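Structure, as structure tokens:
The values are calculated or read from the model by the stated rules, or taken from the named source; none is laboratory data. Everything quoted here is computed from the prediction, not taken from an experiment. Note that each Cβ is placed from the backbone with ideal geometry, even for glycine, and that neighbours are counted across all protein chains shown. When the accessible area is computed, the model is the full protein with side chains, heavy atoms only, and any ligands, DNA or RNA have been set aside. Shrake-Rupley method; radii C 1.70, N 1.55, O 1.52, S 1.80 Å.
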Amino acid sequence: ADAPSGRRSSFDIFVDGKEWVGGAEAAWMMLEVVTCMLTMILLPLIKHEKLKWIHYCPSSLIGLLLATFVEHAIVRPAGFETRTIGDLGEMKGELPRSLWNRGYDIPPLNADTLAKILPTAATLAAVALIEQMMTLQLVDQMTKTVGQANREGVGLGLGNIVAGLIGGGGGNAIL
């Protein structure tokens, strides 16, 4: 759907005017999400002597394994299939290529392009910075030290810019 000003939003490229997931497929996906979330919430609450090993394995990993089991034991035999990243594009397993060494044209750097990407970019940058500062605060509490938030923020921004230029993905420190 077009944005009110006639521009397309930055997420429109993922849907191409069609519903990405809906109906029964969305319901099956929700079953897998609920399976994973309930596992992450309930597994740490188990206090049984014979199940001590559970506390040495992250409950999120066990949740993902259970959701994968649900996909292959229930969803696919029922005639449905959850969409994956591989359904959207091809993954070759090679190292990222730099911005200037790719086989496609880079969008023009003009006001229209910036207007399309700026809201999403600003939101992602704000979330990354908030997560970085929360992690810094936690590490400061755990190590009884004082970190430098301004250096963390500048390092995060520069690191993500360089990662984008050489074909990598951005990121941040989060616990």
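Between K47 and N150, the contour length at 0.36 nm per residue exceeds the Cα-Cα span by 32.8 nm.
With both labels modelled 7 Å from their Cα along Cα-to-Cβ, the A163 to D112 distance reads 3.1 nm. Phi-derived couplings, Karplus 6.51 cos²θ - 1.76 cosθ + 1.60 at θ = phi - 60°, listed residue by residue for segment 48-63: 10, 4, 6, 10, 4, 4, 4, 7, 9, 10, x, 5, 5, 5, 5, x Hz, with x used for Gly and Pro.
The separation of segment 28-65 from segment 115-175, counted between C-alpha centres, amounts to 29 Å. A 1.4 Å probe run over segment 54-144, with the rest of the protein chains in place, finds 77 Å² accessible per residue. With all protein chains in place and a 1.4 Å probe, the accessible surface of segment 73-175 carries 65 percent carbon and sulfur.
In units of the compact-protein estimate 2.2 N^0.38 Å, segment 25-108 shows a Cα radius of gyration of 1.60. With only the Cα atoms considered, segment 53-149 has a convex hull volume of 242 Å³ per residue.
Estimated translational diffusion coefficient (Stokes-Einstein, Kirkwood radius over Cα pairs, 20 °C, 1.002 mPa s) of segment 116-175: 175 µm² per second.
Label separation (A27 vs M142): 4.3 nm, computed from points 7 Å beyond Cα along the C-beta direction.
Computed over neighbours whose Cβ is under 14 Å from that of H72, the net charge equals -2, Lys and Arg +1, Asp and Glu -1. Each Lys and Arg adds +1 at its Cβ and each Asp and Glu adds -1 at its Cβ; summed about the Cα centre, segment 17-65 shows a dipole of about 280 debye.
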